[in-house]
Each structure stands twice: as structure tokens, then as C-alpha cells.
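This report refers to the structure that appears directly beneath it.
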Amino acid sequence: MTITKSILAFAAAMTLAASSQAAMLVTSTGSTVTDYSGAGSISFDLDLETLGTSQLSFVIEEEDLLGPLSLNAIVRNLSGAALNQFVFKLQGIRFASYGSVTPTFGALGQVSETPDYAHVGFSKPEWAEFHFGNPLLVAGAGDWWLDTRGLSAGDRFAIVATVPEPSSLALTLPLLGLAGLMARRRRD
């Protein structure tokens, strides 16, 4: 009888494992991605080995169309460089509602968002990682939500993660200030 129970348990496990994962990650470029997505949820770890652009492409499954998709991610800064700002841009899907951003060692500055764009600014650079949404189920933090209305099973969407380059003006202003300070010291 125990062999029969073992076979039934194995068959049940295989059935669950064979069911659609839903919101499947089909491609990623630019960074290492570990995908934890499931039915109704987009969840991943994004390991930034260099500060640039990464793209994650997903395909919608039937289970994802029951309501909005929760979105959360752990973004790890493995580059060794200061992470001052970060952008998630959506293609083919929109935000339904906005969630939280939690830095690990940096300090959150301003988060601005539109239906297809989220810009995270750090007032103190993040050197390790930050949480976009609530991947660790921390009290008081909330997931971001993606709107699936108007989408069908098989539709694709992308999340483009970018660490914006500082503008040349932002780099030039401190240098000009330093040059002015040096000139003032020389006069004194």
C-alpha cells in the first residue's frame, strides 16, 4: 500500500510541476536574472554586474488574466559602483498601482512614476541592493501591480531596467563649483 501512496504522491507532484508557471520569463539580456514568477506574480532577482540596461521579456499565461499581476524584485548592485538612480520602463503593459522601494544601505530620495515608467532616485547611493515592491514580505511594504486588462494569453511584455548615466551637466556643475572654490582661495 505504501508503494501505491508513493506513486500517487509522485504523480501529484509531477502534475503540479507540469502546470503552467504563468507570466513566464522568456528572455533576458544585460544582467543575470533569477526568475521566481508564478501565476499572478512577476518576481525576480536582478544582479547588476555592470551599470547599464537590462531587458526582461515575459509571456502572459491564462492564469495572469484573472486580475492585476503583482511585481516585486530584488535588484542587487554587483558592479562596485555607486547606484544613484534606477529606472524600470514597461513595454506592452502598464502599472495598475505603485508600491514601495526599500534600499538596503542607501537612502531613498524620490520615486516618480507614470503608468509605464518608475524612476527611483537615491539621496545616498545604494552600494548593495534594493527591493522594488515587497519580495521579502516585510510589514508596511507593498508590491507594484501590473494591469492585465486588454491582454490575452500569449501576449508578451518587457521590463527594461536601466541605470541612467549622469548627465554631462550634472558632472560639470561640481567641477565648476570646485574650480570657483579654488579660484576664491587663490584670491584670498
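The values are calculated or read from the model by the stated rules, or taken from the named source; none is laboratory data. The model shown is predicted, which means the values in this text are computed figures rather than measured ones. Because the Cβ atoms are built from the backbone with ideal geometry, glycine has one as well, and the counts that use them run over all protein chains shown.
Any chance the range 73-84 includes a residue that's under 18 Å from THR27 (Cα atoms) and in contact with a Gly (Cβ under 7 Å, 6 or more places away or on another chain)? Yes - at least one qualifying residue is present in the range 73-84.
Per-residue answers, yes or no, for (1) of a type in the set (Gly, Ala, Ser); (2) assigned to a strand (DSSP E or B):
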residue	(1), (2)
LEU25	no, yes
SER28	yes, yes
PHE44	no, yes
ASP47	no, yes
LEU51	no, no
SER54	yes, yes
SER57	yes, yes
GLU63	no, no
SER70	yes, yes
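Show the residue pairs that are 6+ apart or on different chains and have beta-carbon atoms under 6 Å apart, the first residue being within the range 116-145 and among the hydroxyl-bearing types (Ser, Thr, Tyr), the second being part of a strand (DSSP E or B). Pairs found: TYR117/LYS89; SER123/ALA107; SER123/GLY109. Scan the range 46-92 for residues that are free of Cβ contacts under 8 Å to residues at least 60 places away in the same chain and crowded, with 22+ Cβ neighbours inside 10 Å and the total you get is 1.
Quick check on the range 101-127: of everything there that is touching a strand residue (DSSP E or B) at 6+ places or on another chain (Cβ under 6 Å) and of a type in the set (Asp, Glu), which residue is surrounded by the fewest Cβ atoms within 10 Å (Cβ to Cβ)? Among residues in the range 101-127 that are touching a strand residue (DSSP E or B) at 6+ places or on another chain (Cβ under 6 Å) and of a type in the set (Asp, Glu), the one surrounded by the fewest Cβ atoms within 10 Å (Cβ to Cβ) is ASP116. Within the range 45-63, the set of residues being of a type in the set (A, V, I, L, M, F, W, C) and more than 15 Å from ILE159 (Cα to Cα) comprises just one member, LEU51.
Of the residues ARG94, ARG76, the single one that is under 14 Å from LEU51 (Cβ atoms), of a type in the set (Lys, Arg) and under 15 Å from the mean Cα position of the chain (by Cα) is ARG76.
Considering the range 112-146, and only residues there that are small (Gly, Ala, Ser) and either in a loop (DSSP other than H, G, I, E, B) or at pLDDT below 95 (or both), the residue that is nearest to VAL101 (Cα to Cα) turns out to be GLY133.
Residues in the range 167-188 that are in a loop (DSSP other than H, G, I, E, B) and either among the polar types (S, T, N, Q) or modelled with pLDDT of 65 or more (or both): SER167 alone.
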